[in-house]
Amino acid sequence: MLSDPINVAANAPNPALAFSVIRSDGYGAERRDAAGLYGLVINHSTNKSGDRHYVKVTKTINAANPYSGLTSPQSASVSLAISKPSFGFTDAELASLVTVLLDTLASADAGVSNLIAFQS
C-alpha cells in the first residue's frame, strides 16, 4: 500500500495536497484531501491479457447555476488508465509512455484547452 497520506507538492495554481485513505480494499483505494475538495481513486485489476491500473483525481466546488442562481456541488475529474500486457513491456517503458501522454497534453499543438474544445 502507498503511504498514508500521499503528499503532493504545490504547483501553481494548485495547492499542496495530502490525500488520506477513506476506503481501501484489495483492488485499490479512495483518498481525500483534508479540505474535502479533492479526491483520488487508484484501482488495479488483472485479466487474461494483462494488468490495468487506473488513477482518477476529482475536484468538487460549490458553483452557482447560471440559469437558476442556485448553488450546488459540481465535480470535475481527470483520469489515466495504464494497460500493461502480460509480456513485452517493462515498467520503465510504461512510465515513458505516461510521460509521452503528459507531454502531449502540455504541448501547444494539442493542449488540454484544445481537447476540451472537442478538437482531435
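The values are calculated or read from the model by the stated rules, or taken from the named source; none is laboratory data. Remember, predicted model here, so these are calculated numbers, not experimental data. We place every Cβ from the backbone using ideal geometry, glycine too, and count neighbours over all the protein chains shown.
Take the residues of region 77-120 that are in contact with a strand residue (DSSP E or B) (Cβ under 6 Å, 6 or more places away or on another chain) and loosely packed, with under 12 Cβ neighbours inside 10 Å: which is farthest from ASP51 (Cα to Cα)?
Checking each candidate, the answer is SER77.
Which one is surrounded by the fewest Cβ atoms within 10 Å (Cβ to Cβ), of the residues in region 1-49 that are of a type in the set (Phe, Trp, Tyr) and in a strand (DSSP E or B)?
First, the residues of region 1-49 that are of a type in the set (Phe, Trp, Tyr): 19, 27, 38.
Now drop any that are not in a strand (DSSP E or B), which leaves 19, 38.
Working: PHE19: 23, TYR38: 19.
Selected residue: TYR38.
Yes/no per residue for (1) part of a helix (DSSP H, G or I); (2) among the aromatic types (Phe, Trp, Tyr); (3) modelled with pLDDT of 90 or more; (4) within 28 Å of GLY39 (Cβ to Cβ):
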residue: SER77; (1), (2), (3), (4): no, no, yes, yes
residue: ILE82; (1), (2), (3), (4): no, no, yes, yes
residue: ALA92; (1), (2), (3), (4): yes, no, yes, no
residue: LEU97; (1), (2), (3), (4): yes, no, yes, yes
residue: THR104; (1), (2), (3), (4): yes, no, no, yes
residue: ASP109; (1), (2), (3), (4): no, no, no, no
residue: ALA117; (1), (2), (3), (4): no, no, no, yes
residue: SER120; (1), (2), (3), (4): no, no, no, yes
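Consider region 61-86. How many of its residues are free of Cβ contacts under 8 Å to residues at least 12 places away in the same chain and within 30 Å of ASN47 (Cα to Cα)?
Applying the first criterion (free of Cβ contacts under 8 Å to residues at least 12 places away in the same chain) to region 61-86 yields 63-72.
If we keep only those that are within 30 Å of ASN47 (Cα to Cα) as well, we get none.
Of the residues in region 61-86, 0 are free of Cβ contacts under 8 Å to residues at least 12 places away in the same chain and within 30 Å of ASN47 (Cα to Cα).
Select from region 1-59 the residues that are of a type in the set (Phe, Trp, Tyr) and farther than 15 Å from VAL78 by Cα and list them in ascending order.
If the condition is that a residue be of a type in the set (Phe, Trp, Tyr) and farther than 15 Å from VAL78 by Cα, then PHE19, TYR27 are the ones that fit.
Please determine, by comparing only the residues of region 48-78 that are hydroxyl-bearing (Ser, Thr, Tyr) and under 25 Å from the mean Cα position of the chain (by Cα), which one is nearest to ARG31 (Cα to Cα).
Step one: of region 48-78, the residues hydroxyl-bearing (Ser, Thr, Tyr) are 49, 54, 58, 60, 67-68, 71-72, 75, 77.
If we keep only those that are under 25 Å from the mean Cα position of the chain (by Cα) as well, we get 49, 54, 58, 60, 72, 75, 77.
Working: SER49: 28, TYR54: 14, THR58: 10, THR60: 14, SER72: 22, SER75: 15, SER77: 14 Å.
Among those residues, the one meeting the criterion is THR58.
Looking at (1) β-branched (Val, Ile, Thr); (2) under 17 Å from PHE19 (Cβ atoms); (3) modelled with pLDDT under 95, find the lone condition where THR58 falls short.
Unmet for THR58, out of (1) β-branched (Val, Ile, Thr); (2) under 17 Å from PHE19 (Cβ atoms); (3) modelled with pLDDT under 95: (3).
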